[in-house]
Each structure stands twice: as structure tokens, then as C-alpha cells.
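Novice: Quick one: the structure is below, and I'll ask about it shortly.
The values are calculated or read from the model by the stated rules, or taken from the named source; none is laboratory data. Computed from a prediction, not measured in an experiment: that's the story for all the values here. Positions of Cβ are backbone-derived with ideal geometry, glycine not excepted, and every protein chain shown enters the neighbour counts.
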Amino acid sequence: MKTVKVIIFFLLIAGFANGQTQTAGEKKYTLDNCITTFSMDKIKKTDAGFQFWFIDKNFLDGRTLKMSAVAPHKATHAPHVHPEDEIFYILQGTAEVYLAGQWKKVEANTSFYCPSNVEHGIRNPGDTELRYLVIKKYGPDTK
């Protein structure tokens, strides 16, 4: 779990804090509301496993950090397309990632970039749980 904390820390420093300043009338960022610790009590169950939002789209300006867990031989959803790009980081397990018509098997400590408007997907072909992080910025009209 120490590796996960280090990865999240560096991801936050590298991209999420970029350009964030506090001004009067805006949300106040404090140590208490800037730290999120994983808790099974706060997961959102899915058909394939669960999701946990470390940073949801309402905290910043649509930028998010989510962890997904996928049961063996399942996928959260079929390959799909959307206007936002995404970055996946495989924490544990084996994943098959899909981009523009091709599948590739990858292991933990692998990143996967999905450009905007390109069909992509991820699934668990293995016999153990797959866990990965998703970094994404939602547009202002995304629900």
C-alpha cells in the first residue's frame, strides 16, 4: 500500500496541482479536505467489482482520480469512446487493454494512455482481482 500512496502523491504533484491557487470566494483547500484515504466503507459497487473516488469531479475543475477493482474474467464496461482523454495505471493483477481495435495484455506498474475520441477499454483476463487508477478531466457539461 505504501507504493500506492507514493504513486498518488506524485500524480497529484505532477498534474493535479498545476495552476491551482486560492483566491477570495473560491473553495478553500485545507490539509483535511485535500487528503483522501481509501476505505471499503466508501466504495461504489459495480457489476464487475467496485470504484473508489480519491478525487471526484466536483472537488477540482473536473479533474479526477479513481481506483477501480475488477473481478477475475470481468470488465467494467465494453470498449467505448468519449471526448475526454484518460490515463490508467495498473496497480495489481493482469489487465488486457484495448485501443483502436487492438488488445494487449499488461501487468502491474504499467500505464495506459487513452487519447480523446479513440475507442478504448480495459478488462481482467486473470484469476485474481485487477486494480487500477484512472486519471481523467471531465468537461463542465459531463454528468
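Novice: Going through segment 114-138 one residue at a time, which ones are outside any strand (DSSP E or B) and among the hydroxyl-bearing types (Ser, Thr, Tyr)? Quick ask: steps written out before the conclusion?
Specialist: Initial filter on segment 114-138 (outside any strand (DSSP E or B)): 115-119, 124-129, 138.
Scanning segment 114-138 gives SER116, THR128, TYR138.
Novice: Have a look at HIS77, HIS82 and point out the one that is outside any strand (DSSP E or B), in contact (Cβ under 8 Å) with a residue 40 or more places away in the chain and of a type outside the set (A, V, I, L, M).
Specialist: Checking each option against the conditions leaves just HIS77.
Novice: Could I ask something else about it? Among the residues that make up segment 15-24, is at least one of them within 24 Å of ARG123 (Cβ to Cβ) and either surrounded by 15 or more Cβ atoms within 10 Å (Cβ to Cβ) or at pLDDT 95 or above (or both)? Before you say what the answer is, go through the steps one by one.
Specialist: Taking segment 15-24 as the starting set, the residues that turn out to be within 24 Å of ARG123 (Cβ to Cβ) are none.
So far as segment 15-24 goes, no, none of its residues is within 24 Å of ARG123 (Cβ to Cβ) and either surrounded by 15 or more Cβ atoms within 10 Å (Cβ to Cβ) or at pLDDT 95 or above (or both).
Novice: Return the pair list, or none, for Cβ contacts closer than 7 Å from residues in segment 46-61 that are on the phi < 0 side of the Ramachandran plot and modelled with pLDDT of 95 or more to residues that are part of a loop (DSSP other than H, G, I, E, B) and of a type in the set (A, V, I, L, M, F, W, C), at least 6 apart or on different chains.
Specialist: Close Cβ pairs satisfying both conditions: ALA48/ALA71; PHE50/ILE43; GLN51/ILE43; PHE52/PHE38; PHE52/ILE43.
Novice: Taking the stated definitions as given, is GLU107 of a type outside the set (A, V, I, L, M) and more than 20 Å from TRP53 (Cβ to Cβ)?
Specialist: Numbers: of a type outside the set (A, V, I, L, M): yes; more than 20 Å from TRP53 (Cβ to Cβ): yes.
Criteria met by GLU107.
Novice: Same structure again: Pairs please, first residue from segment 89-113 and in a strand (DSSP E or B), second anywhere and polar (S, T, N, Q) and surrounded by fewer than 17 Cβ atoms within 10 Å (Cβ to Cβ), Cβ atoms under 6 Å, 6+ apart in sequence or on different chains.
Specialist: Hits for this filter: TYR89/SER111; ILE90/THR110.
Novice: Moving on. Tell me which of these ILE87 doesn't satisfy, since it passes every other one: (1) within 13 Å of the chain's Cα centre (by Cα); (2) surrounded by fewer than 18 Cβ atoms within 10 Å (Cβ to Cβ); (3) aliphatic (A, V, I, L, M); (4) more than 12 Å from ILE122 (Cα to Cα).
Specialist: (4)
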